[in-house]
Amino acid sequence: MFNIDQILKTLQTDQNAQRTALSGAAGLAAGMLLSGGKPGKLLGNAVKVGAVAAVGGLAYKAWQNYQQNQANAGPAPAEDAFIPAPTDDAGQEELGKTLVRAMIAAAKADGRIDADEKEAIFERLKTMPLSAEEKAWVFDELSTPLDINAVVARADTPEHAAEIYAASLVAISADTAAEQAYLEALAAKLKLDPALVAEIHKSAGEKAPQPAPTPASPFAYTPNGSNV
């Protein structure tokens, strides 16, 4: 069974990983195996309540704040729309996989993960106390070419769309043009209201989103939903 929290715990307690590219974002989950991310304020909360609950809580808080600022807004979604019940093992696992996939995709966005870096990550993963299933799953996700549409396709509810964006945001530093363009395109493809996106950034302790990317960006959003 896939255990996002075990991966998180392994990365946090592996001192060797914390001194290499594996720890650049070793703050939240497997997507943070890659350089460029940051622990942020979610780190302690993820340890206490679990990574899925930490990301879900961030998205839930952002949505509540968003609703409060909207004229004629209806009630905010219930918390269980963001965080599956502790007894819902299948829901926890599926959402965990979705969020980790989103994190890994975001970490690939700036194109800095080359073959040598991937090999180093694979070698470190082999020594970590994870199940064979977990290791194989992470290997596969790291090896798969970046596909923003595959990430978006897993947003089966508006709440999960917000969580996918939140997970992607906390997985990277978003300090390069490519990363900023990726987040911009992701928000557009997830059909998230800009005001909600701003609240997610605020809840994550991040600065407001940057202006839309120019058409020259490899992740520029186009009306037909394609990447150019």
- Task: With label points built 7 Å along Cα→Cβ from the Cα atoms of Ala85 and Thr144, find their separation and express it in nm.
- Result: 2.9
- Task: Evaluate the distance, in nm, between pseudo-label points positioned 7 Å from the Cα of Glu93 and of Thr157 along their respective Cα→Cβ axes.
- Result: 1.9
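All of the numbers you see were taken from the coordinates with simple rules; none came from a lab. Predicted model, so just to flag it, every value in this text is computed and none were measured. Cβ atoms come from the backbone with ideal geometry, glycine included; neighbour counts cover every protein chain shown.
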